Amino acid sequence: MDWEAEGLLEGLEDDDARKARRELLDHLHDEGCGVDELRDAVKEDRLVLLPVERLLAGNATYTQREIAEESGFELEQLSAFRQSLGLAVPDPDARVFTEQDLATARDASALAEVGFPFDETLDVTRVLGTGMARYAEALRVLFAQALIKPGDSELDLARRLAETAGELMPLSSRMLDRVFLLHMRQLLRNDYISLAERASGKVTDTAETTVAFADLVGFTELGESVGVEELSGLAGRLARIANAVVEPPLRVVKQIGDAVMLVSPDVSVTVETCLALVERAEGEEDFPPLRAGVAFGPAVNRWGDWFGSTVNVASRLTARARPGAVLATEAVREAAEDRFDWSAAGEKKLKGLQKPIMTFRPRPRGSEEEQKG
């Protein structure tokens, strides 16, 4: 194939770079890539990723309509399932699906046969899709940082990426299975099914829960004076600090930029961890101070996230706390009073609440250090 005539060597002045591009184009063309596909890849500057893409894609042998028939799904259900995973829904008769797609659809269909309601299964699937999309993006960045070497030709990098993906993707799949089982085991150790739930046959998603937020003070203002990479670095350090300090039954629900959200049935553990987070941040070099807000009360657990007034109060208390301070509600103080020394922080008017609420500042029992906030 005359790649020069096809216009796929434009912009490459170096002879070595042109030679490497030709070899990569020849290889991909021999593997079945059409000229139009290669032209699009060059135009979008993703030619070096095409070998990995083809490795992960497998052989496309099915249409979506055929996948639906083979798996027992209705065509509309299969489309909804893919959408809930965050995946594109192609034309029903486009032959773009693989054996792996068929196996996934069969597994999803089996869930319905067990008796799980389809709409609620889609809600759970959305959680899976969101988590996997974030994991895939993080893994992509890790691959790029680890495998790109100065002076790489397109051919060198494409080969290295494909070889590494072929070795590591099975490892990653096995690790996902094991991590899922570990989290399920840990969750079950801290969960229970009450007598009322057994009697009614329905599991409630509302529970008395401790909710806390911890955020970086001045993060928004800092964004006006430092670059995006430095900001993302601070957010990454916050995640690492939280993961190092937080232990079950407390868990990190999510990180929202400069803040982490924590939940636990144990009030004392939550307060203690927030104090530890604040102290840990103070010991970090070139790191903004942390502040935290803690509330205790009914909250609703929906698909791994938490909602309700207790969540809102904890979030708004965090915004009212001063640098290096932990601010808690009266319900938190009453539930954990014996574990900490407390000082009154006065009534706080919080957005969305008709009446001000009384707040308190905890510090470790016997500490002589003055509590800030």
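Below, the figures for the structure above:
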{"quantity": "Rg [Å, one decimal], Dmax [Å, integer] - the chain, C-alpha atoms", "calculated": "26.5, 80"}
{"quantity": "Full-stretch length increase - residue 353, residue 36 - with 0.36 nm per residue and alpha-carbon distance subtracted", "calculated": "108.1 nm"}
{"quantity": "Peptide ranges 279-289, 16-26 listed from the most packed, as the mean C-beta count within 10 angstrom indicates", "calculated": "16-26, 279-289"}
{"quantity": "Nearest-ten-degree value, helix 267-282 long axis tilted from longest Cα axis of the chain", "calculated": "70"}
{"quantity": "Paramagnetic label zone (point 7 Å from Cα along Cα-to-C-beta, residue 144; backbone N under 16 Å) in region 228-249", "calculated": "228-230, 232-233"}
{"quantity": "Accessible area in square angstrom per residue, the chain, 1.4 angstrom probe", "calculated": "60"}
{"quantity": "Calculated Rg and Dmax of region 14-100 using C-alpha coordinates, Å", "calculated": "16.7, 55"}
{"quantity": "Förster-model FRET efficiency, 30 Å R0, residue 339 and residue 232, C-beta, rounded to 0.05", "calculated": "0.25"}
{"quantity": "Extension reserve of the residue 14-residue 282 stretch, reckoned as 0.36 nm per residue once the Cα distance is removed", "calculated": "91.3 nm"}
{"quantity": "Amide hydrogen neighbours beyond the local backbone of residue 246, cut-off 5 Å, H modeled", "calculated": "none"}
{"quantity": "The chain - charge dipole about Cα centre, Lys and Arg +1 at Cβ, Asp and Glu -1, debye rounded to 20", "calculated": "2140"}
{"quantity": "Residues with amide H under 5 Å from that of residue 359, placed H, sequence gap 5 or more", "calculated": "345, 346, 347, 348"}
{"quantity": "In the chain, lysine pairs with alpha-carbon atoms under 21 angstrom apart (chain gap of 8 or more, or interchain)", "calculated": "4"}
{"quantity": "Cα-based convex hull, region 232-373, per residue volume (Å³, whole number)", "calculated": "111"}
{"quantity": "Rounded percent of accessible protein surface that carbon and sulfur make up, the chain, 1.4 Å probe", "calculated": "51"}
{"quantity": "In region 24-61, the trypsin sites (Lys or Arg not before Pro) that fall in loop regions by DSSP, at most 16 other Cβ within 10 Å", "calculated": "46"}
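The values are calculated or read from the model by the stated rules, or taken from the named source; none is laboratory data. Note that this is a predicted model, so its numbers are computed, not measured. Cβ: placed from backbone, ideal geometry, glycine included. Neighbour counts: every protein chain shown. Accessible surface is based on the protein model in full, side chains and every heavy atom, while ligands, DNA and RNA are left aside. Shrake-Rupley method; radii C 1.70, N 1.55, O 1.52, S 1.80 Å.
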